[in-house]
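Data block below; observations after.
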Amino acid sequence: MQVQVSVIVAAYNEEHWLRRCLTSLKKQTLAALEVIIVDDGSTDGTATICDQYCARWPHLFRVIHQRNQGQGPARNAGITAAHGRYLGFVDADDWVEPTMYATLVATAERSHAQIVVCDVRKIYAATHRTTSLLSLPDATEHVAIATYLKYGLNNAYSGNKLYARSCWQKYRYQRMVYEDLDILLDMLSYCERVAYVQQPFYNYYKHAGSTTLDYTNPRLFDIMTAYQDAIEHAKVTYQDAVTYCVAKRILINLATPGFADYLAEFIELIRQLRPIFEASPSIMSDPAIKKVCDYAGQLTLPRRFICEREDWAQSWHQYSRNFKTIIPVAKALPADLRQRSNHFKLDYWLLKTLFEQGGLLILGTVKLHRPFGRLRAGGDVLAFEGEHCLLVGAQPRSPLISELLQQLIVGSESLTELLTMVKAQPERWSAGTHKIRLVDIKDWLQ
């Protein structure tokens, strides 16, 4: 029997959920189906479960065991091995309803659509809550693609779709988080026809182990790349619709508490995309979405770490992207400092570098456990652990840093003592409308 649909299941350490997923695929009413499981270097019982299903139902299941490469490359391995005229994807912790692929194939054959979409039922494990929202108001075998890109739910999600094999001639997933978002809006923009079945055939299980729900995971920075790629690669005909979708999604991200740790990166992304947003008729005609451009004017501290020792920046690098580390070098000193101790001289060079270049001055070693975009979003910031200042963030030519430099030169207090004084009486160090943010850094520390 010729395979009509190849369903690809990428699995990495999914022993708790994989049987439920594979059993739902075994129950599909479509006979001409193959399931390709890609065991992506699992270290738990996932590989054994894969082998068990393949041994018991060899006509249905095949497995590829490979070293760990990430979900995107694992799916790509399945695409290469697939025999079907159509492709589908199911995450290993999700499951599908029995008639999903039979219904989607029948719709594709009847409508000649390159992609057929269905609805998603979301199951929230922590709250035992279930939601099922319509992707579009009406089922149709000829979706208005611009409308779906702008307003459709789950339009950048792989699992709720059936794809003609031809869709994947020019596309492959990237090795990143948000690999779906990175390519699916573009793929939809190049389709001639998309159909929509108004049934929640796909069950999306949202649990604590889900990568995109762990907002402390620095891999979530990939969402910035995905948004840029989506706009850059979209078909010109639908670029306005894709741009609108990206702007709307960014606003949703900014309203999500977990993404607050990425605030500076979102502001910088919006600043970069602002000319494209302002050139979008759909965005400019929608007052709610147009507000995304307001973020472009907000301050962010430069992507520089300034520190005495390079290893002090190690944990900060782990939770950031594209930062430069600067170790100040000895330069000319003001006359009042030439006879002072080396400790005072180092304080001066650190502050001088911060004043000239801006960024984050790291004053000791820490172990972070989350990104720090909230610290970088805004003006000058001092982050304390108890009475000890561990971080000074400032814009170039900051009035605060200028004041600290002057006090270091003419006074007797060290930088540590001066920063303690700032914490005790911040109003004395604020010049005009210049505000200093005092932050307890414990929320970022392991």
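Data for the structure
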{"quantity": "Helices (runs of 4 or more DSSP H) fully within region 46-117 counting 3 or more residues that are farther than 21 Å from residue 202 by Cβ and within 29 Å of the chain's Cα centre (by Cα)", "calculated": "71-81"}
{"quantity": "Only one of 391, 408, 404 that is buried (at least 20 other Cβ atoms within 10 Å of the Cβ) and more than 30 Å from residue 267 (Cα to Cα)", "calculated": "408"}
{"quantity": "Cβ pairs under 6 Å, 6+ apart, first in region 259-275 and surrounded by fewer than 19 Cβ atoms within 10 Å (Cβ to Cβ), second assigned to a helix (DSSP H, G or I)", "calculated": "260/374; 271/296; 274/293; 274/296"}
{"quantity": "Out of 192, 232, sole residue that is among the acidic types (Asp, Glu), surrounded by fewer than 21 Cβ atoms within 10 Å (Cβ to Cβ) and assigned to a helix (DSSP H, G or I)", "calculated": "232"}
{"quantity": "Candidates 120, 105 - the one that is surrounded by 17 or more Cβ atoms within 10 Å (Cβ to Cβ) and over 16 Å from residue 30 (Cα atoms)", "calculated": "120"}
{"quantity": "Given (1) crowded, with 17+ Cβ neighbours inside 10 Å; (2) out of contact with any strand residue (DSSP E or B) (no Cβ under 8 Å at 6 or more places or on another chain), number of the condition residue 100 does not satisfy", "calculated": "(2)"}
{"quantity": "Qualifying position, being within 24 Å of residue 76 (Cβ to Cβ) and part of a loop (DSSP other than H, G, I, E, B), among 43, 29", "calculated": "43"}
{"quantity": "Cross-chain or 6+ apart pairs with Cβ under 8 Å, region 106-129 first and at negative phi, then in a loop (DSSP other than H, G, I, E, B) and of a type in the set (Lys, Arg)", "calculated": "111/193; 113/193; 114/193"}
{"quantity": "Subset of region 252-306 [over 19 Å from the mean Cα position of the chain (by Cα) and part of a loop (DSSP other than H, G, I, E, B)]", "calculated": "279, 280, 285, 286, 298, 299, 301, 302"}
{"quantity": "Cross-chain or 6+ apart pairs with Cβ under 7 Å, region 368-388 first and under 15 Å from residue 216 (Cα atoms), then of a type in the set (Phe, Trp, Tyr) and part of a loop (DSSP other than H, G, I, E, B)", "calculated": "368/319; 370/319; 371/319; 372/319"}
{"quantity": "Scan of region 135-155 for residues that are surrounded by 14 or more Cβ atoms within 10 Å (Cβ to Cβ) and either in contact (Cβ under 8 Å) with a residue 60 or more places away in the chain or not in a loop (DSSP other than H, G, I, E, B) (or both), ordered by number", "calculated": "135, 136, 140, 145, 146, 148, 149, 150, 151, 155"}
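Values in this text are rule-based calculations from the coordinates and carry no lab data. Fair warning: this is a prediction, and the values are worked out from it, not measured in the lab. Counting neighbours? That spans all protein chains shown, and the Cβs are built from the backbone with ideal geometry, glycine included.
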